[in-house]
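Chemist: Structure in structure tokens, see below.
The values are calculated or read from the model by the stated rules, or taken from the named source; none is laboratory data. As the structure is a prediction and not an experimental result, all values here were calculated from the model. Methodologically, a virtual Cβ is constructed for each residue, glycine included, from the backbone with ideal geometry; neighbour enumeration extends over all protein chains shown. Each accessible area value is taken on the protein alone, full model and side chains, heavy atoms only, with ligands, DNA and RNA left out. Shrake-Rupley method; radii C 1.70, N 1.55, O 1.52, S 1.80 Å.
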Amino acid sequence: MLRMRTEFAANYVTLILRSPRAGDHGLMINVGDTTTEGLISYNSHFYAMDPFVGLPSDKMVTINEIVDEERWVAMPFYQEFLYPVNVHRLMGADIVLEDGGECRLRVCRPRDVPDFSARDKALCSMLLPHFKRAITLHGKLDLVESERKLYAGAMDRLMVGTVMLDQHGRVLQTNRQADVILQAGDGIRIVSNMPHATHAADNRELQKLIKAALGRHGNQKTATVVDAISVVRNSGKRNLGVVVHSVAPSEWSEGKIRPAAIIYIRDPEHKAEAPHEIVRQLFNFTPAEANLAMQLANGLSLEDAAIELGIRRNTARAHLRAIFSKTDVTRQTELVRILLNSVATMGIRETHS
């Protein structure tokens, strides 16, 4: 767009990726001496007055094809917004995307520069397909990144750590839950950007599984093989559960930095987490019943849960009977299974550091 500004003797070149609307200032890329105040005033006020909108799809047009010169310079949009920033001549196109979306390209010239020529329009028209492809590709990449964040967040909520490895066994990416486990260094940690178990015997087995998973990378017949190991912890806490398997390459995988294997880590010591309000809504519990249900899901006995919550044992029993009735179970083990297999944990709010 910088090159376009020079090529077309423009003082502004703007790509409007999302048009302003009520409650949304939109999204645009601008090359020129635009101030933040100018962008805000356009998005919040002058956009509604702009006559240079609703242009023919994928076709370059100039303002004098839309409105004659006399009317143009008399318009409030021109007088109040464009004239103060020395914009007189406009050329642009509305680009319709594959998904039905639309973006807008605008090229502006000052008063002392001649109007856009047929050559200018033809040259800019040649660029439109490239803009369309670039914006479409950006949209697809943005979708992929959004999906990645959603899935990573889901694994965090399920308290499963994920460690993605490249073809050399080096760490490419981890989720927040994995970071917590790895930074603790209790059973498994990162050494020279590679995962290592802290006990020698476990580490030998872990490296064997990683090597096997990396060896299966690219082999469609064996890519689905999954291996697991129980990793001992120095703290004496219950062992970490670790699953290793290869990642099937995509059709367009190229280069050295691409995922080849993934490690899933689960810490059985982590307590079940779910917003009590979500648990209450899912099972129609009262707040007191939801509190008790979550204590039981975390492995406490009814007596210990009563002590933890500061309630009488008989009160806890009454709550438990109501919980059983609402979940249609008769044993505490069944209740725990239902709670842990529910979508309640997906209601945990993500935190960002």
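Chemist: Quick check: pseudo-label points 7 Å beyond the Cα along Cα→Cβ at ARG258 and ARG238, how many nm apart are they?
Modeler: About 3.9 nm separates the two model spin labels.
Chemist: Now, a different point. Counting C-alpha atoms alone, how compact is the range 1-147: give Rg to one decimal and Dmax as a whole number, in angstrom.
Modeler: Rg, Dmax (Cα atoms, Å): 15.2, 51.
Chemist: Also, I was wondering about something else. Only one of the listed values, (i) 1.13; (ii) 1.02; (iii) 1.48, was derived from the coordinates as Cα Rg over 2.2 N^0.38 Å; which label is it?
Modeler: (iii)
Chemist: Can you show me the helix-derived [θ] at 222 nm for the chain, built from DSSP H runs with n ≥ 4 at -39,500 (n - 2.57) apiece and divided by the number of residues, rounded to the nearest 500.
Modeler: So the helix-based figure for the chain works out to -12500 deg cm²/dmol.
Chemist: Please enumerate, by chain and number, the aspartates and glutamates with C-alpha under 16 Å from the C-alpha of LYS121, excluding those fewer than 8 residues away in the same chain.
Modeler: Within reach: GLU7, ASP58, GLU65, ASP94.
Chemist: Something else now. Would you mind computing, in nm to one decimal, how far apart the modelled labels at ALA201 and ASN30 are, each placed 7 Å from Cα along Cα→Cβ?
Modeler: For the pair ALA201/ASN30, the computed spacing is 6.8 nm.
Chemist: Further question: Find the Rg to Rh ratio for the range 81-191, where Rh is the Kirkwood radius over alpha-carbon pairs and Rg uses the same atoms.
Modeler: Radius of gyration over Kirkwood radius for the range 81-191 works out to 1.30.
Chemist: Ignoring everything but the protein chains, give the 1.4 Å probe accessible area of LYS149 in square angstrom, nearest 10.
Modeler: Roll a 1.4 Å probe over it and LYS149 shows about 120 Å².
Chemist: Sorting ARG204, ARG233, ARG317 by accessible area (1.4 Å probe), largest first, what list results?
Modeler: Putting ARG204, ARG233, ARG317 in descending order of accessible area: ARG204, ARG317, ARG233.
Chemist: Ok, one more. If you place +1 on the Cβ of every Lys and Arg and -1 on the Cβ of every Asp and Glu, how big does the dipole about the Cα centre of the range 265-346 come out, in debye to the nearest 20?
Modeler: With Lys and Arg at +1 and Asp and Glu at -1, about 300 debye.
Chemist: With charges only on Cβ, +1 for K and R and -1 for D and E, what is the dipole size of the chain about its Cα centre, in debye, rounded to 20?
Modeler: I would put it at about 1400 debye.
Chemist: With every protein chain in place, what's the accessible area of ASP227 (1.4 Å probe, Å², nearest 10)?
Modeler: So the heavy atoms of ASP227 present about 40 Å² to solvent.
Chemist: Taking only C-alpha pairs under 8 Å that are 6+ residues apart, what is the relative contact order of the range 1-156 in percent?
Modeler: 23
Chemist: Related question: Keeping all protein chains in place and using 1.4 angstrom, which order do TYR47, TYR151, TYR12 fall into by accessible surface area, from largest down?
Modeler: TYR151, TYR47, TYR12
Chemist: How far, in degrees from 0 to 90, does helix 118-157 lean away from the longest principal axis of the Cα atoms of the chain, to the nearest 10?
Modeler: With both axes taken from Cα atoms, the answer is about 10 degrees.
Chemist: Also, I was wondering about something else. Just to confirm, what accessible area per residue do you get for the range 128-223 at 1.4 Å probe, in whole Å²?
Modeler: Here the residues of the range 128-223 average 57 Å² of exposed surface.
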